[in-house]
Amino acid sequence: MMESLRLVVVLTIICSVAGALLAVVHDVTADPIASAGTKEKGDAIMQVLPPCDNNPGEDLVKVDADGTAWTFYVARKEGRFAGAAFESVSAQGYGGDIAIMVGVNAEGTVQGVQVLAHKETPGLGAWISGDKFRGQFAGRSIADTKWAVTKDGGNIDQITAATISSRAVTEAVKAGLDIFTANTSAITGN
Amino acid sequence: MAFYKELAKGLWKENPIFRLVLGMCPALAVTTSVENSLGMGMAATFVLICSNIVISIFRNLIPAKVRIPCFIVVIATFVTIVDLLMNGFAHELHNSLGLFIPLIVVNCIILGRAEAFASRHPLWLSIADGIGMGIGFTLGLTVLGATREILGAGSITVWGDLKWTVAGYEPMILMILAPGGFIALGCLLGGMNHLQAIAAKRKGTIFTPPAHLDCRSCVMCKFGK
């Protein structure tokens, strides 16, 4: 009886110390983690947009499509519409959700794609964030491109042995572009 | 001297991957490229040294009956601390390593060293053991990662800038998929045994793996008697 009491006490003490330690570390790191996340998102927005002279992170157009809220970050140059960026998430990834940032410009072509978060297999699906795969989206016309991987008859080359990840990114791009096309006048302000 | 002996044993004689054959789950999962192997190795080394230090300090206070839960709590706490600190203060690094950090908790090298070494040896020897085993683990992962990346991707890329490509080689995708991990590990293990057998023959002895590393000295089941 006394011995099991001792075991309980020791385990309780160790767990409490570990818990307290974690609470302190969490407290210290909560702010840096949040600001790093915000900065990362801001950087991604700037990377997929054409040069502009406003702050796209604060120039928002919200679009409601079938109950889902989409936020477009609008870039302007000398007051005129230069491009828009939006975040799109696909639940069809191999390891869970894939979040991407897509930018389009005033000429109706895709300016760039950045991968914000993913849990794909290292060395295979994780290549979706590599230049080779992401780069092929840039410069494509929104209207004239078949937004699907070549295996499904589209124009996007999938990563060998990572078709599911490639397909998920392509679908996320397409979903956002469809919303953009349907709401172009609201977003560009023309 | 004892310090260096404990440090050196992890590199070759008791290499965690090729001799102890511990930590196979992360070893097979992340060794698809050299970059991943280095990242996992460094993160695991840090946690290993920290957990060895703490467990060695408190080794006389932890009751034998609940030692495993205590070790797990200590290891999981360190892993979470590393995860949070890296996310907050080295965000770039966290982006490339974040995937592997939770895997360290299930890495049995760390629990294995806590149980087999740190809970029975003084602090400074435990630190040496942690460093040696950590470097040995990193080396083992890197060799495995390099083998699989060359065969499976035809090139080696480290942090985007350093890149070597094997010209005219058609990559064998199988090698960076799960089966390739088992194939590469098996071939490397066999190769290492072969090398040691040759070395033993030159010295005029017969190669046998260290007795305390396999079933012969274990008392957990009847085969050990």
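In a simple Cβ point-charge model (Lys, Arg +1; Asp, Glu -1; nothing else charged), the protein assembly as shown has a dipole of about 2260 debye relative to its Cα centre.
In loop segments of the stretch A:1-90 as defined by DSSP, the GluC sites (Glu not before Pro) with at most 12 further C-beta atoms inside 10 Å of their C-beta are A:Glu58, A:Glu78.
Given R₀ = 22 Å, FRET efficiency for A:Leu7-B:Val105 by Cβ-Cβ distance, to 0.05?
Values: r = 23 Å, r/R0 = 1.04.
The value I calculate is 0.45.
Most exposed first by the Cβ proxy, i.e. fewest other Cβ within 10 Å, how do A:Asp59, A:Asp53 rank?
Numbers: A:Asp59 14, A:Asp53 10.
Final ranking by Cβ density, sparse to dense: A:Asp53, A:Asp59.
For a test of the definition: using alpha carbon positions, the gyration tensor, and the 1.5 limit on a/c, classify the stretch A:1-42 as rounded, prolate or oblate. Note, shape of the stretch A:1-42 comes out prolate. Principal axis extents of the C-alpha atoms in the protein assembly as shown (largest first, rounded to whole Å): 83, 59, 36. Computed about its Cα centre, the charge dipole of chain B is approximately 1200 debye, with only Lys, Arg, Asp and Glu carrying charge at their Cβ.
Couplings for the stretch A:47-59, taken from phi via the Karplus curve 6.51 cos²θ - 1.76 cosθ + 1.60 with θ = phi - 60°, read 6, 9, 10, x, x, 8, 10, 10, 9, x, x, 10, 9 Hz in order; Gly and Pro are left as x.
Here B:Phe46, B:Phe182, B:Phe89 are placed in order of increasing Cβ neighbour count within 10 Å, fewest first, which gives B:Phe182, B:Phe89, B:Phe46. Rounded, prolate or oblate: which one fits chain B, using the alpha carbon gyration tensor with axes a ≥ b ≥ c (rounded when a/c is under 1.5, else prolate when a/b beats b/c, else oblate)? The shape class here is oblate.
Take the Cα of A:Leu116, step 7 Å toward its Cβ, do the same at A:Asn55, and the gap between the two points is 1.8 nm. Listed by Cβ neighbour count within 10 Å, with the fewest neighbours leading, A:Tyr94, A:Tyr73 appear as A:Tyr94, A:Tyr73.
With a threshold of 32 Å on the Cα-Cα distance, the over-threshold entries among A:Lys119/A:Lys151; A:Lys119/A:Lys174; A:Lys39/A:Lys62; A:Lys62/A:Lys146; A:Lys119/B:Lys9; B:Lys163/B:Lys203 are A:Lys119/B:Lys9; B:Lys163/B:Lys203. Across A:Ala18, A:Ala138, A:Ala30, mean-square fluctuation computed from a Gaussian network of chain A (C-alpha pairs under 10 Å connected) peaks at A:Ala18. Computed from the Cβ-Cβ distance with R0 of 22 Å, the FRET efficiency linking B:Ala64 to B:Phe3 stands at 0.25. Figure legend: label point modelled 7 angstrom from the Cα of B:Phe182 along Cα→Cβ; residues of the stretch B:1-26 with amide N under 18 Å from it are B:21-26.
None of the figures in this text is laboratory data; all of them are computed from the coordinates on show. None of these values were measured; they are calculated from a predicted model. Don't worry about glycine lacking a Cβ; one is built from the backbone with ideal geometry, like all the others, and counts go over all protein chains shown.
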